[in-house]
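J.: Here you go, one structure.
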Amino acid sequence: MTRPEPPATGTDLLVLHALRCGGHAGPARVAAATGLGESDAESELIDLAVAGLVTHSGGGFGGWGLTDAGRAAAAERITGELESAGARVALRAAFDGFLVLNPELLDLCAAWQLRSVDGVMTANDHGDPSYDARVLARFAEFDQRAAVVCAELSAALPRFGRYRARLAEARQRAASGALEYVTDSTASYHTVWAELHEDLLATLGIPR
Amino acid sequence: MRWIRPLSAQVDEAAELLGGKAHGLVVLHRLGLRVPAGFVVTTEACRAFLRDGRLPDGLGDELATAVTDLEASTGRRFGGSRAPLAVSVRSGAGVSMPGMMNTILNLGLTTAATAGLAAETGDPRFALDSRLRLLSGFAAAITNLDADGVGAVLGGAPGRGTGDEEADLTGAIGAVEDLIRRRRGRPIPDDAARQLELAVRTVLSSWDTPRARTYRDLHDVPHDLGTAAIVQTMVFGNRDDRSGTGVAFSRDPNTGGNVPFGEVMFGRQGEDVVSGRALTRPLRELADREPAVWTGLLDALSRIEGHYRDACYVEFTFQSGELWILQVRPGRFVGGAAVRVAADLADERVIGRREALLRVSAGHLRHVRTPRMATTERTDILARGLGACPGVAAGRVATTADGAVRMAADGPVILVRPETSPHDLRGLAAAAGIVTARGGPASHAAVVARSMAKPAVVGVTGLTVDVAGGSVGAGGRTIGEGTLVTIDGTSGEVALGSPRTVTTTAAAHLHRLLGWADDVSGDHSERDEVQRLSAAHAVLRHG
């Protein structure tokens with residue numbers, strides 16, 4: 001028996017939920033998280049602000065964030081989408097697969113940042129290309145298994161497909177020498193993975 | 001026996017065969033220290049298991065014989081409904097791979113044995129709690145999850161928080177049993193001998209989990225060594241109020257100072273200390289509450305130091321006032337602490353000056369200059385966790401990312417959170433330092449802190465964050481948002497106020513040690529510290 005594919009998530013909900021999962025962000029990060037163009041993302045943010053669901057704060061660490069009403073609306077609509085797609089069981093099963101991978105990913109990130117030199121844990125200064133290459137090779141192997149889980153997630157709800165694209169992009173950039181795409185940038189593998197984790201908890205309604 | 005060795009002073013085999021943990025237990029036996037009776041399934045058995053995909057022929061019979069011996073020496077029955085014997089099954093490879101492999105505790109607590117333990121102790125809560133820990137250990141291994149993962153999979157399991165502790169435990173046991181049945185297709189056998197075989201298989205298999213393989217790849221550990229499995233009589237730190245568990249260093253690992261250092265918990269089982277699930281007390285409290293245990297521990301630390309001729313680390317449990325040592329290893333101090341211990345041991349004539357020089361690496365010297373909090377008796381330590389990113393930061397406490405961003409406009413902020421998620425990113429960016437209640441050195445908070453090079457302390461047991469009330473609780477005290485604190489991302493200490501920061505705690509020792517280095521190399525010219533040490537190493541290793 002095949003179930004019809006759930007409909008694509010509306011762009012307003014995509015933007016709202018991106019702020020729910022990624023925290024405060026500017027239009028560029030919202031665009032990256034949702035796959036929308038930056039101006040479309042910004043236009044969506046402005047509409048949501050008019051509706052009282054998001055607000056913009058200034059200053060060095062400012063950006064767009066959810067209002068209390070926006071947080072409530074995001075939770076209600078994301079749950080509604082899950083239930084009307086009948087995707088809870090499939091998503092829950094895929095989440096179990098995610099939980100197996102999560103400590104591995106965190107291990108890899110720690111190994112990227114720290115290494116044992118003369119028995120002393122030391123910040124990895126990335127001066128030893130052979131060590132970095134070994135960690136990145138493990139990332140590549142990990143990423144193949146992550147792809148399996150991501151495929152299960154997007155089969156359950158198509159919007160999860162965006163994570164696969166973002167993770168693959170982070171890994172490829174890191175592999176081609178942009179080392180900040182492992183743990184450091186806001187589009188790094190670790191950052192995207194953490195947003196995916198938050199998304200799964202939010203969508204399934206699991207408290208931290 | 002072919003695949004099994006008893007844990008005793010007479011065993012004379014290498015750590016490659018017994019694993020490092022069991023080898024340490026043999027050392028403890030030789031030193032005349034009290035170690036729970038037990039035996040070890042060798043790494044050779046593990047290699048055969050990994051090669052053939054099944055336990056080697058004869059191991060089953062050897063396990064049965066070894067258990068019979070344990071029953072005889074303890075006067076208890078494995079899986080018995082009266083005076084039941086429970087054991088721990090722990091991994092222990094020839095090379096240390098901390099936290100990468102499985103451990104199963106309280107093994108043999110079948111339903112009947114659990115009832116037996118409850119009747120014997122008159123404490124059903126203790127017996128059920130022990131059985132829950134057994135099942136959770138299996139669940140973690142079967143699902144390939146860590147303890148947090150098992151918790152997340154169980155989610156809002158039924159039977160929690162009813163106010164009736166026994167009913168809660170029974171509910172939790174049911175939920176874990178369901179999870180195991182779902183994932184494994186069948187329950188854990190309710191038969192002690194079959195549980196033991198399953199546990200040994202589980203521990204040996206855990207050599208090959210993806211995490212363990214990654215660890216070996218990154219640390220140059222060959223994949224074909226295998227792990228041993230250590231089976232020991234359980235001693236229960238949660239037995240009564242004269243029981244407990246702890247970890248101890250013979251010297252202070254933060255400074256290298258010659259005073260025992262560690263943590264103790266009363267009325268708890270061992271994994272609670274290591275996992276950081278419950279509140280610990282400073283080791284010194286043992287002296288008042290259990291003077292005989294304290295004296296015994298000091299004696300053990302001194303004997304073990306004598307053996308290793310180095311600072312050492314032990315894990316211990318005391319049951320009804322009786323001390324047992326469960327694990328031992330050299331201290332492996334780093335940075336200034338390594339320098340100080342090497343120099344002190346040479347001054348104490350425990351080791352020669354040349355050996356002292358060889359024990360300090362260039363890597364240690366680089367860490368000697370990491371800024372540290374200078375703690376004195378007047379330093380008011382609010383809480384301790386794990387240092388996740390070195391350095392010292394002082395600032396006012398914020399309990400939310402928004403608060404951190406707002407307060408950072410007026411001066412440095414320390415962001416204190418239960419754990420962090422992507423929501424906290426801008427707060428992490430705004431803060432000078434980070435403290436979290438949960439998580440280890442590879443947690444989200446730790447990874448992000450290092451990516452931003454900010455001092456961080458994670459896994460602060462017992463730390464509570466009240467966002468609504470804008471306060472933080474630890475060790476029975478509550479401090480409000482805005483309170484000035486200082487954190488040390490090396491030692492994991494969180495202090496009230498702003499204690500002095502120093503760039504080395506071992507200046508005098510370093511000066512002395514480098515003087516010896518110049519004597520060895522014969523070069524007294526002006527050079528940097530690493531060059532002076534390396535010149536001495538070159539002479540000692542090749543000269």
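The values are calculated or read from the model by the stated rules, or taken from the named source; none is laboratory data. Everything quoted here is computed from the prediction, not taken from an experiment. Note that we place each Cβ from the backbone using ideal geometry, even for glycine, and neighbour counts take in every protein chain shown.
J.: Checking the condition within 13 Å of B:Gln195 (Cβ to Cβ), within 16 Å of the chain's Cα centre (by Cα) and either not assigned by TED's automatic domain parsing to the domain that holds B:Val203 or not aromatic (Phe, Trp, Tyr) (or both), which residue from B:Leu135, B:Leu105, B:Leu109, B:Leu85 passes?
T.: B:Leu105
J.: Residue under question is B:Ala342, and the condition is that it be at pLDDT 95 or above and surrounded by 22 or more Cβ atoms within 10 Å (Cβ to Cβ); does it hold?
T.: Yes; evaluated as a whole, the condition is true for this residue.
J.: Another question, if that's okay. Mind checking which residues of region B:155-178 are modelled with pLDDT of 70 or more and within 14 Å of chain A (Cβ to nearest Cβ)?
T.: If the condition is that a residue be modelled with pLDDT of 70 or more and within 14 Å of chain A (Cβ to nearest Cβ), then B:Asp178 is the only one that fits.
J.: Now for a separate question. Among the residues of region B:33-58, count how many are closer than 18 Å to B:Thr233 by Cα and not in a strand (DSSP E or B).
T.: Going through region B:33-58 one residue at a time, the tally reaches 6.
J.: Next question, about the same structure. Looking at (1) at pLDDT 95 or above; (2) within 13 Å of chain B (Cβ to nearest Cβ), which is the one condition that is false for A:Gly62?
T.: Only one criterion is unmet by A:Gly62, namely (1).
J.: Could you check B:Ala383 against (1) within 22 Å of B:Gly475 (Cβ to Cβ); (2) within 8 Å of chain A (Cβ to nearest Cβ) and say which number it fails?
T.: So the condition that B:Ala383 fails would be (2).
J.: Let me ask you something else. Under the condition of being without any contact (Cβ under 8 Å) to a residue 12 or more places away in the chain and facing another protein chain (nearest Cβ under 8 Å), which residue from region B:388-430 is surrounded by the most Cβ atoms within 10 Å (Cβ to Cβ)?
T.: In this case the residue turns out to be B:Pro422.
J.: Next question, about the same structure. Would you please list the contacts, defined by Cβ atoms under 9 Å and residues six or more apart or on different chains, that run from a residue in region B:439-467 that is more than 10 Å from every other protein chain (Cβ to nearest Cβ) and more than 19 Å from B:Thr399 (Cβ to Cβ) to a residue that is of a type in the set (S, T, N, Q) and buried (at least 24 other Cβ atoms within 10 Å of the Cβ)?
T.: Close Cβ pairs (under 9 Å, with a partner that is of a type in the set (S, T, N, Q) and buried (at least 24 other Cβ atoms within 10 Å of the Cβ)) do not exist here.
J.: Do any helices (runs of 4 or more DSSP H) entirely within region B:164-256 hold 3 or more residues that are in contact (Cβ under 8 Å) with a residue 60 or more places away in the chain and surrounded by 16 or more Cβ atoms within 10 Å (Cβ to Cβ), and if so, which?
T.: Hits in region B:164-256: B:192-205, B:210-218.
J.: Being assigned to a strand (DSSP E or B) and buried (at least 18 other Cβ atoms within 10 Å of the Cβ) is the filter; apply it to region B:486-511 and report the residue that is nearest to the chain's Cα centre (by Cα).
T.: That would be B:Glu493.
J.: While we're looking at this one, here's another question. Working carefully through the options A:Ala151, A:Ala111, A:Ala94, A:Ala147, find the one that is modelled with pLDDT of 95 or more and surrounded by 19 or more Cβ atoms within 10 Å (Cβ to Cβ).
T.: A:Ala94
J.: Give region B:250-273 a look and list any residue that's under 12 Å from the mean Cα position of the chain (by Cα) and of a type outside the set (Val, Ile, Thr), or say none.
T.: Listed by number, the residues that qualify are B:Gly262, B:Glu263, B:Gly270, B:Glu271, B:Asp272.
J.: Given region A:105-208, what helices (runs of 4 or more DSSP H) lie entirely inside it while holding 3 or more residues that are hydrophobic (A, V, I, L, M, F, W, C) and closer than 27 Å to A:Thr9 by Cα?
T.: A:129-156, A:161-175, A:189-204
J.: Related question: Can you name the residue in region A:168-185 that is among the aliphatic types (A, V, I, L, M) and crowded, with 20+ Cβ neighbours inside 10 Å and, of all such residues, is farthest from A:Arg88 (Cα to Cα)?
T.: Among residues in region A:168-185 that are among the aliphatic types (A, V, I, L, M) and crowded, with 20+ Cβ neighbours inside 10 Å, the one farthest from A:Arg88 (Cα to Cα) is A:Ala174.
J.: Applying the selection to region B:326-373, what residues are of a type in the set (Val, Ile, Thr) and within 14 Å of chain A (Cβ to nearest Cβ)?
T.: Scanning region B:326-373 gives B:Val334, B:Val339, B:Val341, B:Val360, B:Val368, B:Thr370.
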